[in-house]
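The values are calculated or read from the model by the stated rules, or taken from the named source; none is laboratory data. Everything numeric here is computed off the predicted structure, so don't read it as measured data. Every residue, glycine among them, receives a Cβ derived from its backbone with ideal geometry; neighbour counts consider all protein chains shown.
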Amino acid sequence: MHLLHVRIHGQVQGVGFRWFVREEARRLGLSGCVMNLTGGDVEVAAGGETASLARLRRALEVGPSGAEVLSVVDIEENTRTTMPYPFAIHR
């Protein structure tokens, strides 16, 4: 399994961003989770096929209508050993 672990900066809270990510990730058959962070960013950890992860990343760079994504930054450290399936929103 390949992994994608990123932090999204911009106007990404209060605009349905987590729901958007969950639906896109489930459509792509990915495992993992999305969560809001203090400070206004959103974090996404996903696992699955490389092509599906690339599609998710492209979707994250745009986001839902109402969102303003400034950047999608890779998080190098990944201590996750399991990822929830189906893809979930963590609060």
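Listed by first and then second residue, the pairs linking a residue in the range 57-69 that is farther than 13 Å from residue 24 by Cβ to a residue that is in a helix (DSSP H, G or I), with Cβ atoms under 9 Å apart and 6 or more places separating them unless they lie on different chains, are 66/17; 69/17; 69/60; 69/61; 69/62.
Taking the stated definitions as given, is residue 10 more than 17 Å from residue 83 (Cβ to Cβ), at pLDDT 95 or above and not aliphatic (A, V, I, L, M)? Yes, satisfied. If you check residue 72 against the conditions, is it exposed (fewer than 12 other Cβ atoms within 10 Å of the Cβ) and within 18 Å of residue 23 (Cβ to Cβ)? No, not satisfied. Are any of the residues in the range 70-78 of a type in the set (Asp, Glu), within 13 Å of the chain's Cα centre (by Cα) and farther than 19 Å from residue 15 by Cβ? Yes, there is a match, as at least one residue in the range 70-78 is of a type in the set (Asp, Glu), within 13 Å of the chain's Cα centre (by Cα) and farther than 19 Å from residue 15 by Cβ. Looking only at residues in the range 1-28 that are crowded, with 18+ Cβ neighbours inside 10 Å, in a helix (DSSP H, G or I) and not small (Gly, Ala, Ser), the one that is nearest to the chain's Cα centre (by Cα) is 21. The residue that is surrounded by the fewest Cβ atoms within 10 Å (Cβ to Cβ), counting only those in the range 29-61 that are in a helix (DSSP H, G or I) and touching a strand residue (DSSP E or B) at 6+ places or on another chain (Cβ under 8 Å), is 50.
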